[in-house]
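The values are calculated or read from the model by the stated rules, or taken from the named source; none is laboratory data. Just so you know, these numbers come straight off a predicted model, no measurement behind them. Cβ coordinates were reconstructed from backbone atoms using ideal geometry, including for glycine residues, and neighbour counts include every protein chain displayed. For accessibility, only protein heavy atoms count, side chains too; no ligands or nucleic acids. Shrake-Rupley method; radii C 1.70, N 1.55, O 1.52, S 1.80 Å.
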Amino acid sequence: MQDLIKRLLAELGEDPAREGLVNTPKRVEQALKFLTSGYQADVDKVINNALFTVDYSEMVIVKDIDFYSLCEHHLLPFFGKCHIAYVPSTKVIGLSKIPRIVDIFSRRLQVQERLTNQIADIIREKVAPRGVAVVMEGTHLCMSMRGVQKQNSFAVTSAMHGIFRDKARTRMEFLELIRLRSGLPGTSSAADLACVED
Ligand SMILES: [Zn+2]
């Protein structure tokens, strides 16, 4: 990987041998490996030891989880807040595991829409709740830094399942509790959400 990054620096018109760049290939390799470490993470290992059988049927919400990911179209960061809610059926998951799940799927090459769905799907699969809702608010550097569609560099995506999909009241309760910075999901068209793929 370091050879590739050295070549990339040269292709960009830089001198890979100059002092400030000598160790850059090594640093970039380490950074990229960390930022994509979600591919190696064992999600079962994280979750399975943290499922508990309980008699609790109220909504569980974890909001304002920071996430950092890389857009798969430009390899540039997108980052922001993730809000997750579920209504347990028979099991709950340890609260500290929820941000870990977000990290596992964020530390991959992603689009925000798929990332949102993957987080919802894994909770649905492992916790089997009555419903799960995930909302993500992200700033996409591939749009804001490149100066395209600046007004849309902030994207909101959501995944609603079970009771959150079927019951408007449950859904509204969740959305009111997380109070989005940018309005409710669904108010912008799908075309505004993804980064520009050119
Ligand atoms: Zn992008």
### Query
Restricted to the stretch 86-104, and to residues that are more than 11 Å from the chain's Cα centre (by Cα), among the hydrophobic types (A, V, I, L, M, F, W, C) and surrounded by 17 or more Cβ atoms within 10 Å (Cβ to Cβ), which residue is nearest to SER69 (Cα to Cα)?
ILE98
### Message
Condition first: farther than 15 Å from ASP103 by Cβ, open to solvent by 90 Å² or more (accessible area, probe 1.4 Å) and of a type outside the set (A, V, I, L, M, F, W, C). Now tell me which residues in the stretch 37-62 satisfy that.
### Response
ASN49, THR53, ASP55, TYR56, GLU58
#### Entry: Hits in the stretch 148-183 (condition: in contact with a helix residue (DSSP H, G or I) (Cβ under 6 Å, 6 or more places away or on another chain), at pLDDT below 95 and among the aliphatic types (A, V, I, L, M))
ALA155
### Residue check for GLY131: touching a helix residue (DSSP H, G or I) at 6+ places or on another chain (Cβ under 7 Å) and more than 16 Å from the ligand (Cβ to nearest atom)
yes
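Would you confirm, using the coordinates I've provided, whether THR139 is among the β-branched types (Val, Ile, Thr) and open to solvent by 30 Å² or more (accessible area, probe 1.4 Å)?
Numbers: among the β-branched types (Val, Ile, Thr): yes; open to solvent by 30 Å² or more (accessible area, probe 1.4 Å): yes.
Spelling it out, THR139 is indeed among the β-branched types (Val, Ile, Thr) and open to solvent by 30 Å² or more (accessible area, probe 1.4 Å).
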### Summary
The strands (runs of 3 or more DSSP E) lying wholly within the stretch 1-89 that contain at least 2 residues that are under 27 Å from GLU137 (Cα atoms) and modelled with pLDDT of 95 or more are 60-71, 77-87
### Task
Give the residues of the stretch 101-128 that are closer than 15 Å to LEU76 by Cα, assigned to a helix (DSSP H, G or I) and more than 14 Å from the ligand (Cβ to nearest atom), sorted by residue number.
SER106
### Query
From the residues in the stretch 134-148 that are out of contact with any Gly (no Cβ under 8 Å at 6 or more places or on another chain) and more than 11 Å from the ligand (Cβ to nearest atom), which one is nearest to PHE79 (Cα to Cα)?
VAL135
#### Entry: Set LEU9, LEU70: member being over 17 Å from the mean Cα position of the chain (by Cα) and open to solvent by less than 70 Å² (accessible area, probe 1.4 Å)
LEU9
